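*Asks:* If you scroll down you'll find the structure; I have some questions about it.
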Amino acid sequence: MTKSKQNTLFVGTLAKGLRVLRAFDETHTELSLVELASLTGLDKSAVQRLANTLHLEGMLDKDPVTRRYRPTHAWLQLAYAYYWSNPLVARAMPKLIDLSQRLGETVNLAELSGDRIIYTARLPCTRTIFAASVPGRTVPALNTSAGQVILATHPSDERDAAIRDWHLHAHTSRTTLDRAEIARQIGTVVQNGFAITHDQMILSEIGIACAIRGPDSRGRAAVHCSVSAHHWDEARIKAKILPWLLDAANAISPILRP
């Protein structure tokens, strides 16, 4: 059954317009009508009308020569509105800034978005590459320390279902794709109360994360730090980074409580 038949308030044309907007990402920054049609699964005539409307409404720029579309500053305005509407980001930011200054390493606020982690706030260090400094990036939750530490706070049946069904993607040659191994890792996180991953998104990168819990002790987000394996090992991470990370996560957690 289609969404429009399930919900009489569903607006199909608006949904198609959103599909056009969602076609843009870090690998698709400028798109032609043909490319938009291919990515959205919509016919070219529908895409042409939708893209033109979004252009006239200020959501898409159109190159007069190539006739290719790209996002406008309006997307930043939407992101700005999101940040003001999310009390977690605003109230966690002082803790994240303090943590970043103490550690001198990249610090992120990560939230669960479906079966992926989305980085809603990022405080880069001097070694951070551009891609790791932009908020809004999403990565498979099962392959990240932030995703594992959040999932570890959920009931065991939910954890098992997630480990069985959630998306995996090999970002590096060492990304873990064995679901039994991921289950073992998350079991360790349940016992330890923190997560450490190696080489999952970038080779020689170590991710460390602690959960930010809601009133039911369920993880709603995570404080995440990424460091270079060339400068850090697990023993030093646990001694020098983990205590500060735990303090920050525990300090932010009451924000989610009534």
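*Asks:* Do the conditions hold for residue 46, that is, is it in a helix (DSSP H, G or I), outside the structural domain of residue 139 (by TED's automatic domain parsing) and within 28 Å of residue 139 (Cα to Cα)? Working first, answer last.
*Replies:* On the way: in a helix (DSSP H, G or I): yes; outside the structural domain of residue 139 (by TED's automatic domain parsing): yes; within 28 Å of residue 139 (Cα to Cα): no.
Against the criterion (in a helix (DSSP H, G or I), outside the structural domain of residue 139 (by TED's automatic domain parsing) and within 28 Å of residue 139 (Cα to Cα)), residue 46 does not qualify.
*Asks:* Something else: Quick one: is residue 63 touching a residue at least 12 places away in the same chain (Cβ under 8 Å), of a type in the set (Asp, Glu) and under 30 Å from residue 238 (Cβ atoms)?
*Replies:* Values: touching a residue at least 12 places away in the same chain (Cβ under 8 Å): yes; of a type in the set (Asp, Glu): yes; under 30 Å from residue 238 (Cβ atoms): no.
Criteria not met by residue 63.
*Asks:* Residues in region 203-231 that are surrounded by fewer than 18 Cβ atoms within 10 Å (Cβ to Cβ) and closer than 22 Å to residue 128 by Cβ: how many?
*Replies:* The qualifying residues number 6.
Residues are listed down the side, and each one gets a yes or a no for (1) under 20 Å from residue 137 (Cα atoms); (2) within 17 Å of the chain's Cα centre (by Cα); (3) not hydroxyl-bearing (Ser, Thr, Tyr):
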position: 162; (1), (2), (3): no, yes, yes
position: 169; (1), (2), (3): yes, yes, yes
position: 177; (1), (2), (3): no, no, yes
position: 193; (1), (2), (3): no, no, yes
position: 198; (1), (2), (3): yes, no, yes
position: 204; (1), (2), (3): yes, no, no
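*Asks:* So, in region 84-106, how many residues would count as being farther than 30 Å from residue 55 by Cβ and not in a helix (DSSP H, G or I)?
*Replies:* 3
*Asks:* Suppose we filter region 125-168 for residues that are at pLDDT 95 or above and touching a Pro at 6+ places or on another chain (Cβ under 9 Å); how many remain?
*Replies:* Of the residues in region 125-168, 4 are at pLDDT 95 or above and touching a Pro at 6+ places or on another chain (Cβ under 9 Å).
*Asks:* Of all residues in region 154-174, how many are free of Cβ contacts under 8 Å to residues at least 40 places away in the same chain and over 30 Å from residue 247 (Cβ atoms)? Working first, answer last.
*Replies:* We begin by selecting, within region 154-174, every residue free of Cβ contacts under 8 Å to residues at least 40 places away in the same chain; these are 155-161, 163-164, 168-174.
Now restrict to residues that are over 30 Å from residue 247 (Cβ atoms): 157, 160-161, 164, 168-170, 172-174.
So the count comes out to 10.
*Asks:* Can you work out which of the residues in region 5-53 that are surrounded by fewer than 13 Cβ atoms within 10 Å (Cβ to Cβ) and acidic (Asp, Glu) is modelled with the lowest pLDDT?
*Replies:* Checked region 5-53; the qualifying residue modelled with the lowest pLDDT is 26.
*Asks:* Moving on to the next point. Can you tell me which residues in region 65-83 are part of a helix (DSSP H, G or I), farther than 16 Å from residue 111 by Cβ and among the hydrophobic types (A, V, I, L, M, F, W, C)?
*Replies:* 74, 75, 76, 78, 81
*Asks:* Where the second residue is among the basic types (Lys, Arg) and surrounded by fewer than 23 Cβ atoms within 10 Å (Cβ to Cβ) and the first is in the same structural domain as residue 145 (by TED's automatic domain parsing) and farther than 18 Å from residue 244 by Cα and lies in region 191-215, which pairs have Cβ atoms under 9 Å and are six or more apart or on separate chains?
*Replies:* That search, which allows pairs on different chains as well, returns 198/174; 199/174; 200/174; 203/174; 214/220; 214/257; 215/257.
The values are calculated or read from the model by the stated rules, or taken from the named source; none is laboratory data. Values in this document were obtained by computation on a predicted structure and should not be read as measured data. FYI the Cβ positions are ideal-geometry reconstructions off the backbone, even for glycines, and counts take in every protein chain you see.
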